[in-house]
Each structure stands twice: as C-alpha cells, then as structure tokens.
Amino acid sequence: MLVQVRTYKVKEGAMPEFVALWRDHIVPAREAHGFQVLGAWNDEQEGTFVWVVGHEAPDGWGAAEKAYYESPERRDLPRDPAELLLAADAKVLQPV
C-alpha cells in the first residue's frame with residue numbers, strides 16, 4: 001500500500017467547519033474510491049491539520065487520485081475544501 005501524508009494550514013476560525021467537511025464528506029468520498037484513511041490530527045490553535053491516506057494504487061497513485069477527483073462524490077462536495085485552507089502539502093510515501 002502507498003500512503004500520502006497531507007498537511008494543511010487551515011484559515012483562522014475555519015477548523016471546525018473544515019473538520020466537519022472532511023469527516024462527513026471527504027472521508028466517505030475517498031473510501032468509495034478505495035482509499036483508507038489511516039489517521040488524522042489537528043492543532044486548532046496553530047491551524048494545522050494532518051492526515052494520512054492509503055491506497056493499493058495498482059495503476060499508481062496518480063491514477064487513483066485522478067479517479068477520485070473526477071468522481072461525482074468529489075464533485076458534489078457541499079464546499080470546496082480549498083476555500084478553507086491557506087496552504088496544502090501532500091507527499092506520497094513508499095513502504096520500507
């Protein structure tokens with residue numbers, strides 16, 4: 001399994017809304033496309049949200065991400081999560 005570590009800087013005051021959007025909509029949409037959320041953590045005072053998502057990705061991480069981002073589940077999110085973020089970083093990691 002490949003994993004991706006996603007680190008976000010959330011806009012001041014937006015953490016509760018972001019967490020609700022992530023928990024109620026993003027996680028189920030990801031899971032519908034074979035992703036597994038392996039954990040998530042936040043520091044509301046610092047505005048940091050970090051989560052780890054995995055996928056078997058038989059055709060590569062890019063193909064799995066493309067299918068997810070082009071899906072109706074992703075397209076139909078009630079809000080674009082990027083509107084709540086100041087910055088985002090994502091790194092795909094290989095198992096050792």
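Taken together, the values in this text are just the output of simple stated rules run on the coordinates, not laboratory data. Everything numeric in this text was worked out from a predicted model, so none of it was measured. Don't worry about glycine lacking a Cβ; one is built from the backbone with ideal geometry, like all the others, and counts go over all protein chains shown.
So the values come out like this:
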quantity: Structure-based [θ]222 nm, the chain - -39500 (n - 2.57) summed over DSSP H runs of at least 4, per residue, nearest 500; calculated: -6000 deg cm²/dmol
quantity: Taking the stretch 2-93 and dividing mean pair separation by its residue count, relative contact order in percent (alpha carbons under 8 Å, at least six apart); calculated: 49
quantity: The stretch 81-95 and the stretch 40-57: distance between their alpha carbon centers, rounded to Å; calculated: 8
quantity: Label point at Leu86 placed 7 Å out along Cα→Cβ; residues across the stretch 1-20 whose backbone nitrogen lies under 13 Å; calculated: 8-15
quantity: Farthest toward positive dipole pole in the stretch 2-93 [+1 Lys/Arg, -1 Asp/Glu at C-beta], among Gln4, Phe18, Pro72; calculated: Gln4
quantity: Neighbour-count ranking [beta-carbon atoms within 10 angstrom, fewest first] of Met15, Met1; calculated: Met1, Met15
quantity: Histogram of C-alpha separations across the stretch 31-85, 5 Å bin width, %; calculated: 4, 15, 20, 24, 22, 10, 4, 1
quantity: Per-selection Kirkwood Rh - the chain (Cα, Å, 1 d.p.); calculated: 13.8
quantity: Amide proton proximity set for Thr48, modelled H, under 5 Å, gap of 5+; calculated: Val10, Asp43
